[in-house]
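The values are calculated or read from the model by the stated rules, or taken from the named source; none is laboratory data. Model, not experiment: these values are computed from the prediction. A quick note on method: Cβ atoms are made from the backbone with ideal geometry, for glycine too, and the neighbour counts reach across all protein chains shown. For the accessible areas, the whole protein counts, side chains as well, though only heavy atoms, and no ligand, DNA or RNA atoms are used. Shrake-Rupley method; radii C 1.70, N 1.55, O 1.52, S 1.80 Å.
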Amino acid sequence: MTAIVRIEDIAKHVGETVTLQGWVYNKTGKGKLHFIRLRDGSGQLQCVAFRDDLPEDQFETAKALTQESSVRITGVVKADERAPGFPGGYEIAVQALELIQAAVDYPITPKEHGTEFLMDNRHLWLRSNRQWAILRIRATIVRAMRDWLDDNGFLLVDTPIITPAAGEDTTTLFEIDYFGEPAYLAQTGQLYNEANMGAFGRVYCFGPTFRAEKSKTRRHLIEFWMLEPEIAFCSLEELMDIEEALVTHIVQQVLAKNRMELEIIERDVTRLERITAPFARISYDEAVERLQALHAQSEDPEQKELLQITWGEDFGSPHETALAEMFDKPVFVYHYPSAVKAFYMQPVDGRPEVCRSVDLLAPEGYGEICGGSERIWDEALLLDKLKQQHLPVENYQWYLELRRFGSVPHAGFGQGLERTVAWICGLPHVRETIPYARLLNRKYP
Ligand code: 4AD
Ligand code: MG
């Protein structure tokens with residue numbers, strides 16, 4: 001028995017005879033020589049089957065291998081600069097080959113397929129190079145998020161997915177039947193984070209969140225993952241410092257750990273190398289002025305129409321994209337009109353029409369990746385806001401109570417994982433950033 005090795009570790013085994021277990025990505029060659037591209041989940045390696053090196057029946061099996069058949073291959077590891085693969089530069093001279101299961105008519109062939117077809121076959125599409133690379137980057141991003149928070153005094157405290165009350169806009173609630181009573185899938189863990197903040201000071205939750213949003217944009221998912229830190233005794237300015245440090249750390253970790261994956265997806269890494277603190281911080285007022293100036297200059301009527309904005313309106317995608325294009329790093333926009341933001345946001349002192357909120361807009365048209373604010377910490381004011389927005393106050397008793405026992409100024413934000421992945425990977429649509437996307441028109445597979 002030879003040692004079973006993972007392709008990602010292949011460099012450590014040059015000159016040794018090893019066994020690999022995986023799937024046939026593709027196969028080329030003719031006559032006496034066949035090249036099998038083997039993938040094992042950790043990487044891809046060229047396996048060279050030369051007729052004289054292996055038993056005849058096994059060579060015949062190698063010749064007949066089909067795409068995605070599962071195999072076990074034993075051979076000698078060689079370093080060869082020209083060998084393709086992930087990581088490239090190594091190959092195996094095959095000595096033995098065992099077919100585990102022969103795949104017949106694998107539906108995803110090297111020819112071009114339409115997106116809907118690929119999404120229908122998502123359970124198989126995940127095996128393709130691009131998807132493999134994207135989801136590996138997603139894993140690095142998740143780890144970077146958690147590592148940074150764990151190393152900076154935050155405690156992971158999980159929040160429930162089934163909730164009795166809305167945390168954000170009531171129009172996007174997913175209602176479920178909770179033994180005859182209505183309940184909702186969490187839109188955010190924030191309200192519970194605020195309670196947890198009272199117990200642990202600096203907390204975060206990280207889990208799936210749900211929005212029954214009838215939007216079909218390239219930035220919206222029905223189910224998405226959100227990282228939500230919440231910090232006691234924190235101002236909006238300190239919150240921006242935290243977001244800036246976290247986002248910078250995430251990008252640096254991807255650059256450090258995923259060069260190969262970034263190359264597979266052909267990401268322009270120079271755009272990512274620029275992402276260093278500090279990021280520009282502009283107020284909503286200034287953002288509106290900048291957009292209005294751009295609107296005034298614009299000569300393209302279609303563009304002009306899209307850039308139209310009046311103070312008080314929320315930004316749409318075209319506004320966010322135009323603003324982000326004015327900077328080559330992410331940009332913070334703070335103090336939005338209270339009317340377009342959630343009930344819990346602290347009004348600005350002496351100017352209650354705007355609130356202590358901040359959105360972080362990603363470069364290259366990826367829009368808002370983080371949304372956060374200072375939270376109202378005065379009970380009477382919070383109660384007023386709940387009533388103004390016609391929220392059922394009885395469901396928020398515990399949340400109000402947090403303002404009665406040692407209330408403190410505090411702030412937090414939510415960072416959308418999939419939008420962050422889309423931006424860092426440079427993908428046109430969030431559907432490829434999550435293993436199984438839930439979209440307005442899709443819940444299969
Ligand atoms: O701005 P949002 O709605 O903020 C909250 O939910 C706050 N309670 C978070 C907090 O302060 N703890 O969402 C935060 C982020 C957005 O910036 C965006 O990146 C992402 O979550 N997001 C979505 N991502 C994909 N699909 C959707 N439908 C999303 N909605 C929000
Ligand atoms: Mg938001």
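When only residues in region 157-180 that are of a type outside the set (Val, Ile, Thr) and under 13 Å from residue 395 (Cα atoms) count, which is nearest to ligand 1 (Cβ to nearest atom)? Taking the candidates together, the pick is 167.
What do you reckon, is residue 353 open to solvent by 60 Å² or more (accessible area, probe 1.4 Å), modelled with pLDDT of 95 or more and either in contact with a strand residue (DSSP E or B) (Cβ under 9 Å, 6 or more places away or on another chain) or outside any strand (DSSP E or B) (or both)? In short, yes.
Across region 178-195, the qualifying residues are those that are away from ligand 2 (no atom under 16 Å from the Cβ) and assigned to a loop (DSSP other than H, G, I, E, B), and the one among them that is least open to solvent (accessible area, probe 1.4 Å) is 180.
Considering region 358-403, and only residues there that are more than 30 Å from residue 324 (Cβ to Cβ) and of a type in the set (Asp, Glu), the residue that is modelled with the lowest pLDDT turns out to be 394. The number of residues in region 392-407 being out of contact with any helix residue (DSSP H, G or I) (no Cβ under 7 Å at 6 or more places or on another chain) and open to solvent by less than 30 Å² (accessible area, probe 1.4 Å) comes to 0.
Condition check ((1) within 30 Å of the chain's Cα centre (by Cα); (2) surrounded by fewer than 19 Cβ atoms within 10 Å (Cβ to Cβ)) across all residues:
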{"position": "6", "(1), (2)": "yes, yes"}
{"position": "9", "(1), (2)": "yes, yes"}
{"position": "49", "(1), (2)": "no, no"}
{"position": "66", "(1), (2)": "no, yes"}
{"position": "79", "(1), (2)": "no, yes"}
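The C-beta contact set for region 182-211 (first residue assigned by TED's automatic domain parsing to the domain that holds residue 141, second residue open to solvent by 30 Å² or more (accessible area, probe 1.4 Å) and of a type in the set (Lys, Arg), distance under 8 angstrom, 6+ apart or interchain) comprises 187/211; 206/146.
Of all residues in region 293-324, those that are closer than 20 Å to residue 368 by Cβ and open to solvent by less than 60 Å² (accessible area, probe 1.4 Å) total 14.
Only a single item in (1) out of contact with any His (no Cβ under 8 Å at 6 or more places or on another chain); (2) more than 14 Å from ligand 1 (Cβ to nearest atom) is not met by residue 348, and it is number (1).
How many residues does region 377-391 contain that are in contact with a Phe, Trp or Tyr (Cβ under 9 Å, 6 or more places away or on another chain), open to solvent by 50 Å² or more (accessible area, probe 1.4 Å) and within 26 Å of residue 200 (Cα to Cα)? Can you show your working first?
Going residue by residue through region 377-391, those that are in contact with a Phe, Trp or Tyr (Cβ under 9 Å, 6 or more places away or on another chain) are 382-383, 385-386, 388-389, 391.
Filter again for open to solvent by 50 Å² or more (accessible area, probe 1.4 Å), leaving 383, 388-389.
Those still in the list that are within 26 Å of residue 200 (Cα to Cα) too: 383.
The total comes to 1.
Of the residues contained in region 7-28, one or more are found to be over 27 Å from residue 136 (Cα atoms) and not in a strand (DSSP E or B).
Listed here are the residues, each with its yes/no results for (1) more than 17 Å from residue 241 (Cβ to Cβ); (2) more than 12 Å from ligand 2 (Cβ to nearest atom); (3) touching a residue at least 60 places away in the same chain (Cβ under 8 Å).
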| residue | (1), (2), (3) |
| --- | --- |
| 334 | no, yes, yes |
| 339 | yes, yes, no |
| 360 | no, no, yes |
| 370 | no, no, yes |
| 381 | yes, yes, no |
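In the set (1) open to solvent by less than 50 Å² (accessible area, probe 1.4 Å); (2) at pLDDT below 95; (3) not hydrophobic (A, V, I, L, M, F, W, C), residue 106 fails one condition alone, (2). Can we say residue 122 is basic (Lys, Arg), over 30 Å from residue 242 (Cα atoms) and open to solvent by less than 30 Å² (accessible area, probe 1.4 Å)? Yes; evaluated as a whole, the condition is true for this residue.
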